[in-house]
Structures are given as C-alpha cells and as structure tokens.
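Quick note: the coordinates plus some simple rules give every number you see, no bench work behind them. This is a predicted model, so every value here is computed, not measured. Cβ atoms come from the backbone with ideal geometry, glycine included; neighbour counts cover every protein chain shown.
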Amino acid sequence: GMHARGAAVMGFDQEKTAHHFYLFDDGGAMEIAVKDAADTVNRDAIRAHLPHIAQRFGAGSFEAPMQTHGTKEVPGIAVLTALKGRIVYQYAETPNGGRVEIRSSDPAAVAAVHDFLRYQIAEHKTGDSHAVSKRK
C-alpha cells in the first residue's frame, strides 16, 4: 500500500528509487535517488517533487507524508508545524535525484525532525542509522 500511495503522492516509481534519511545535530536530511542512473524519467520526477516538499514543509504543510503513509499520525509533525518558523528546509539537486536539508537551532524543533526522520527510516525500511551525527 505505501509504495502505491507514495507513487501517487510523489510522482515517481518507489521500486526504482531509494530513499535515505539522515539525522544531524542541527536537524537532518531526506535524500531520494534513482537506482539506475539512466532512469531520467524518475530522476526528473524526484527533482520536481523535492523542491515542492521543501516549500510545503517550510510552510508547515505535511499532507504528503501523511498521504504516503496512510495515516494522520506521523511522529514529529505536530511540533514541526508549530515551530515552522524555526526550521529551514533547503532543496539541493544530487547527481541521481535530490536532497532536502533540514536545519534548526531550536532543540525542540531538532528533536521533532529526528522523530519524523526515524519514522521515515522505519517505514521505508532504508536501513539508515537512527543515530545522530555531525553534519559534514
């Protein structure tokens, strides 16, 4: 169910892409890339989706992850929405897709980012670390 909902919400094939989520001491990052570098259709769809996500999250709108996961309860979202003015979401293109950097100096906002990203790691079964590291 999540892959079908994700494809509808995000606009790209979930089986042909890889999601990764990183926790940093000042927030975190979400990265999506095509598994096959020659897959320009899904790469371009990722690049169209992630800037929109950065903009929507910055405005405190988290409908996309709730629709993708088929729930109204995604950890961290209530705090991310309440503290939206204290969090910066910035899109960057990567060679095979894109990345949204998430930064804040507010401890409550950073904790909410970590809750949200840990949920994503578990739901997408990425195998990414739940540990917090320094941003490089």
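Below are the figures for this structure:
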| quantity | calculated |
| --- | --- |
| Total formal charge among the other residues, if their Cβ is under 13 angstrom from that of Asp106, Lys/Arg +1 and Asp/Glu -1 | +1 |
| Thr17 long-range amide H proximity, modeled H, under 5 Å | Lys35 |
| With Cα atoms, 0 to 90° folded angle of helix 40-58 axis to the chain main axis | 20 degrees |
| Rounded tilt (10° steps) of 107-124 against the dominant C-alpha axis of the chain | 30 degrees |
| Spatially proximal aspartates and glutamates relative to Lys134 (Cα-Cα < 12 Å; intrachain offsets below 8 disregarded) | Asp25, Asp26 |
| Computed [θ] at 222 nm, helices only, for the chain once each DSSP H run of length n ≥ 4 contributes -39500 (n - 2.57) | -13500 deg cm²/dmol |
| [x] 1.19; [y] 1.54; [z] 0.97, with the label sought being that of the calculated Cα Rg over 2.2 N^0.38 Å | [z] |
